[in-house]
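The values are calculated or read from the model by the stated rules, or taken from the named source; none is laboratory data. Model, not experiment: these values are computed from the prediction. Here Cβ is always computed from backbone atoms with ideal geometry, including for glycine, and neighbour counts include all displayed protein chains.
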Amino acid sequence: MNPNFDLVIFDCDGVLVDSEVISCRAHAETLTRHGYPITSEQVLVRFLGVSDREARQTIEREIDRKLPDDFEQQVKAATLKFYEGDLQAIAHVGEAIGAIRLTKCVASSGTPEKIRHGLTCAGLYDQLAPHIFSATQVSRGKPAPDLFLFAAEQMKVQPSQCLVIEDSVPGVTGGRAAGMTVLGFHGGSHCQPGHADLLRAAGAAVTFDDMRQLPGLIEKIRV
């Protein structure tokens, strides 16, 4: 395995589990119910890769009022309900994880409960636990570098020795701001034509759309 890296940091939504469309649907339905009409597609464009906390703060600034105190809980409940019937792992990601011999962890904008539930529904939790980190553990979510730096610190690896797998512009931006190399994945069902270009423009060293490519890319990439 590539000696340039000691740790692979996976985003969760859109990289491990094909959940972005489901999450956007839950957000859109909850926001619309509270007087902020928005479609799933608009949520995807505006908030892909952004933590729930920071998305909420953005919306509250726009509407100049607070959303209900339990807004995140309402979104989470809707998301988990949809997960039960609709969530799938990203195709071939389990095999890719198994083929990568480097240490691995997860760094996600989701809450710990959402991450755990999603990975469990997709049959991936046991492959990655207990090294799972959430934006709720840091003061600033993506695109700030805090979550990636926290994950590296917890795993006792220097940022320059970390390889991040991300599907969103905020995630790529945060990984690069942390001084890490980022690979951009654009194979999730939410990814539109041109998404790879956006990831490269944000700083992804390489983009790919099939998880079967990932072990080989890690072997070849050089910092």
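For ALA152, the conditions (1) under 21 Å from GLY94 (Cβ atoms); (2) surrounded by 18 or more Cβ atoms within 10 Å (Cβ to Cβ); (3) of a type outside the set (D, E, K, R); (4) in contact (Cβ under 8 Å) with a residue 24 or more places away in the chain all hold with the exception of (1).
The residues of the range 131-149 that are in contact with a strand residue (DSSP E or B) (Cβ under 9 Å, 6 or more places away or on another chain) and surrounded by fewer than 17 Cβ atoms within 10 Å (Cβ to Cβ) amount to a single one, HIS131.
Taking the condition of being outside any loop (DSSP other than H, G, I, E, B), hydrophobic (A, V, I, L, M, F, W, C) and in contact with a Leu (Cβ under 9 Å, 6 or more places away or on another chain), how many residues in the range 79-104 meet it?
Residues that pass the stated criteria total 5.
Taken over the range 159-175, the criterion of being in contact with a helix residue (DSSP H, G or I) (Cβ under 7 Å, 6 or more places away or on another chain) and surrounded by fewer than 24 Cβ atoms within 10 Å (Cβ to Cβ) is satisfied by PRO159, VAL169, THR173. Taking the range 9-27 as the range and being surrounded by fewer than 22 Cβ atoms within 10 Å (Cβ to Cβ) and of a type in the set (A, V, I, L, M, F, W, C) as the test, only VAL21 passes.
Can you pull out every residue in the range 40-78 that is of a type in the set (Asp, Glu) and in a helix (DSSP H, G or I)?
Applying the first criterion (of a type in the set (Asp, Glu)) to the range 40-78 yields 41, 52, 54, 60, 62, 64, 69-70, 72.
Correct list: GLU41, ASP52, GLU54, GLU60, GLU62, GLU72.
Residues in the range 176-193 that are surrounded by fewer than 18 Cβ atoms within 10 Å (Cβ to Cβ) and modelled with pLDDT under 95: SER189, GLN192, PRO193. Candidates are the residues of the range 115-149 that are touching a residue at least 24 places away in the same chain (Cβ under 8 Å) and aromatic (Phe, Trp, Tyr); the one that is farthest from GLU20 (Cα to Cα) is PHE148. Out of LEU87, LEU119, LEU128, one residue alone is more than 12 Å from GLY14 (Cα to Cα), within 17 Å of the chain's Cα centre (by Cα) and surrounded by 15 or more Cβ atoms within 10 Å (Cβ to Cβ). It is LEU128.
Of all the listed residues (ILE38, ILE97), the sole one being more than 24 Å from GLN137 (Cβ to Cβ), surrounded by fewer than 20 Cβ atoms within 10 Å (Cβ to Cβ) and at pLDDT 95 or above is ILE38. Restrict the check to the range 144-160 and report whether at least one residue is within 14 Å of the chain's Cα centre (by Cα) and basic (Lys, Arg). Looking for residues that are within 14 Å of the chain's Cα centre (by Cα) and basic (Lys, Arg), one finds none in the range 144-160, hence no.
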